[in-house]
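Report on the following structure.
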Amino acid sequence: MRARAVRDYRTQYANPIRFARGDVVALGARDTEWPAFAWTPTADGNAGWAPVDWLQPRDDGHAVALRDYSAQELDVRAGDTVALQHELGDWWWCTHADGRSGWLPARDLDLINDTITEETSE
């Protein structure tokens, strides 16, 4: 599936968080705009937004990562076409034609109908 960017989007965090399955991270407050994400400080001292569904909370204010995650966002210009990989909390993990990958908000994308219909005339 593909989509076209309806507006420019620029990365919001210069140093996006990353963690691997099994890593323990701190678990902060949920985002009010994007409630599927919580503020997540990582062991390396970095912090950013991570998907709550990919974290198993513990009783001590921390959580165990259930899968690998990168908060890398994708810079695009209006009109750019991207391949959509998977959606999470109204964000899509996308791959640009130049090979770069990262998250884009769904509200900034217009899905492209790749279905080709054949019309026959009688």
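So what are the radius of gyration and Dmax for the Cα set of the chain, in Å?
For the chain, the Cα radius of gyration and maximum Cα-Cα distance read 17.3, 71 Å.
Are there any trypsin sites (Lys or Arg not before Pro) in segment 1-92 that are in a DSSP loop and have at most 11 other Cβ atoms within 10 Å? List them by number.
Arg10, Arg21, Arg58, Arg77
What's the magnitude of the charge dipole for the chain around its Cα centre, counting Lys and Arg as +1 and Asp and Glu as -1 at the beta-carbon? Answer in Debye, nearest 20.
With Lys and Arg at +1 and Asp and Glu at -1, about 460 debye.
Suppose a student asked you for the relative contact order of the chain, using Cα pairs under 8 Å spaced at least 6 residues apart; what percent would you report?
Computed value for the chain: 33 percent relative contact order.
Please state the shape class of segment 18-70: rounded when a/c is under 1.5, otherwise prolate if a/b exceeds b/c and oblate if not, all from the C-alpha gyration tensor.
Since a/c stays below 1.5, the shape of segment 18-70 is classed as rounded.
Given R₀ = 41 Å, what would the calculated FRET efficiency be for Gln56 paired with Ala78, taking r from the Cβ atoms and rounding to 0.05?
That gives a FRET efficiency of 0.60.
Using Cα springs under 10 Å in a Gaussian network model of the chain, which residue among Ala36, Ala47, Ala78 shows the largest mean-square fluctuation?
With Cα springs under 10 Å in the chain, the top fluctuation among Ala36, Ala47, Ala78 is at Ala78.
Of His96, His86, how do they rank once you tally other Cβ atoms within 10 Å and put the fewest first?
Ordered from fewest to most neighbouring Cβ atoms within 10 Å, His96, His86 come out as His86, His96.
Rule-based calculations on the coordinates, nothing more; no lab input. Not measured: the values here are computed from a predicted model. With ideal geometry, Cβ positions are generated from the backbone for all residues, glycine too; neighbour counts draw on all protein chains shown.
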